[in-house]
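Asker: One structure follows; several queries about it will come next.
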Amino acid sequence: MISPSNRAENISYAIREVVVYAKELERKGIEVLKLNIGDPIAYDFDTPQHIKDALYEAAENGYNGYAPSEGYEELRKEIANRERRRNGMDYDVDDICITTGVTEALQIFLAATLNEGDELLVPGPTYPQYNLITSFHGAKPVPYATIEEEGWQPDIEDMRKKINERTKGMVIINPNNPTGALYPPKIVKEMVDIAAEHDIVVISDEIYDDIVFEGRHHSTASLAKDAPIITFNGFSKVYLVPGWRMGYAIFNDADGKMEKIKNAFLRIARSRLCSPSICQVAMISALKGSQEHIAEMVKKLKERRDYAYRRLTEMEGISTSKPDGAFYIFPKIERNVWKNDKEFVLDVLNEAHVLLVHGSGFCPVYGKGHFRAVILPPIETMEEAFNRMDVFMKRRLAE
């Protein structure tokens, strides 16, 4: 048997890992209600028609070859226009690089930034790819606490204590995946100030920026215009095109502190050729065209958030904070008769046939004892899922 690399041996992605167990049940003819993956298209959302039309037209008009590695200039101009309108930021097109989803943006940036032995501050809990890719490069993800009792807001003092000479960067995910927390401007500004004190890079993941139920999302760069910040954003969630893999990275670096990292980022971007050409052209139409679907989507999601929050807080042995953004909820298993949260999730799957994701998959320290569910399904689907879970919890806790 030929052995794989050591780095590949340690790769595990909780969100899709649990699907393997669900497929075993489905092969037996069992219906599984899936609350595990943040894909609106898997439920009753659909890509706006004018965006689908633009994709077809792009193919018909000959955009079927390679695109520039940095992305088509017109798309980067439209992203810059959005940043100007929405966040009051003035970016040059050369500050922007189109990527194959946000995941590729963080893969390229972490590859360009981290050396073996470096440390990266990540939210606890966090989107799993930050932990996975950091470890893949021989660096160490260090989770900073977020306070569940305060709606999963970052613990500023804990963050400050965890910075040392090996710390290379700080990750802010706002709105947050998996908790749905929305960070107020004051908190974000404090985080950036700490990074500036220690001369470390800020990585701001803002893929859910327009999916907010209360208040408003403020971009990190707009709150600290002089700090070295790379912003990750994309079209998958807000524009309902997750399978098209359209993301981008924006460099905010007035003093040129990230110039070498930016050059390394672009070298890697060139080495992987480009992101999909026809999808890029369609995203120009997405930004220029009607934005009506966003308000409609957020209204629908808020109703579903309220329903999920009510049902989960009423459920025996479960408690949860109410998310302010994105489309996730991250409940706590209050009466835990299970060995760990993964055992809980697999028990729910096998007994109630509802698929969740174990919280420790998002952080072994601050995610354990929790699970993540999406609030994307129609209320009728969530009602059936939560009814099954309710019966399951009452039965197991009575044993």
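Bear in mind that the values in this text are calculations on the coordinates, not laboratory data. Since the structure is predicted, the reported quantities are computational estimates derived from the model, not experimental observations. Positions of Cβ are generated from backbone atoms using ideal geometry, with glycine treated the same way; all protein chains shown enter the neighbour counts.
Asker: Roughly how many whole Å is it from the C-alpha centroid of region 330-399 to that of region 239-266?
Answerer: Spelled out, the Cα-based centre of one part sits 36 Å from the other.
Asker: What whole-number distance in Å separates the alpha-carbon centres of region 118-159 and region 16-33?
Answerer: If you average the Cα positions of each part, the centres end up 30 Å apart.
Asker: To the nearest µm²/s, what D does Stokes-Einstein give for region 302-399 at 20 °C and 1.002 mPa s, using the Kirkwood radius over alpha carbon pairs as Rh?
Answerer: For the chosen part, D equals 161 µm²/s.
Asker: Determine, for each peptide in 350-361, 16-27, 79-90, the mean count of other beta carbons within 10 angstrom over its residues, then list the peptides with the highest first.
Answerer: Peptide ranking by packing, descending: 350-361, 79-90, 16-27.
Asker: Translational diffusion coefficient, Stokes-Einstein: compute it for the chain using the Kirkwood radius over C-alpha pairs as Rh, at 37 °C and 0.692 mPa s, and state it as an integer in µm² s⁻¹.
Answerer: 150
Asker: Between Thr146, Thr167, Pro185, whose Cα lies farthest towards the positive end of the dipole of region 49-288 when Lys and Arg beta carbons carry +1 and Asp and Glu beta carbons carry -1, centred on the Cα centre?
Answerer: The residue sitting farthest along the positive end of the dipole is Thr167.
Asker: Filter the cross-link list Lys237/Lys260; Lys288/Lys322; Lys140/Lys260; Lys225/Lys322 down to pairs whose alpha-carbon distance in this structure exceeds 29 Å.
Answerer: The pairs that break the limit, which is 29 Å between Cα atoms, are Lys237/Lys260; Lys288/Lys322; Lys225/Lys322.
Asker: Relative contact order for region 49-288: what percent, with Cα pairs under 8 Å and sequence separation of 6 or more?
Answerer: 29
Asker: Still on this structure, I have one more. Please sort 234-241, 388-395, 364-371 by packing, taking for each peptide the average over its residues of neighbouring beta carbons within 10 angstrom, highest first.
Answerer: 234-241, 364-371, 388-395
Asker: Quick query: amide H of Gly124 versus all other amide H atoms, modeled in the peptide plane; which residues come in under 5 Å with a sequence gap of 5 or more or a different chain?
Answerer: Sorted by chain and number, the residues that satisfy this are Tyr144, Thr146.
Asker: Using only alpha carbon positions, build the gyration tensor of region 112-260, then give the equivalent ellipsoid semi-axes as the square roots of 5 times its eigenvalues, largest first, whole angstrom.
Answerer: Here the semi-axes work out to 22, 18, 17 Å.
Asker: While we're looking at this one, here's another question. Against the 2.2 N^0.38 Å scaling, with N counting residues, where does region 63-170 land? I'd like the Cα-based Rg ratio to two decimal places.
Answerer: So the Cα radius of gyration is 1.32 times the expected 2.2 N^0.38 Å.
Asker: Would you mind estimating how fast region 202-252 diffuses translationally, via Stokes-Einstein at 20 °C and 1.002 mPa s with the Kirkwood radius over Cα pairs, in µm²/s?
Answerer: Estimated diffusion coefficient is 183 µm²/s.
Asker: Cut-off is 10 Å between beta-carbons; in what order do Glu380, Glu104 appear when sorted fewest neighbours first?
Answerer: Lowest to highest Cβ neighbour count: Glu380, Glu104.
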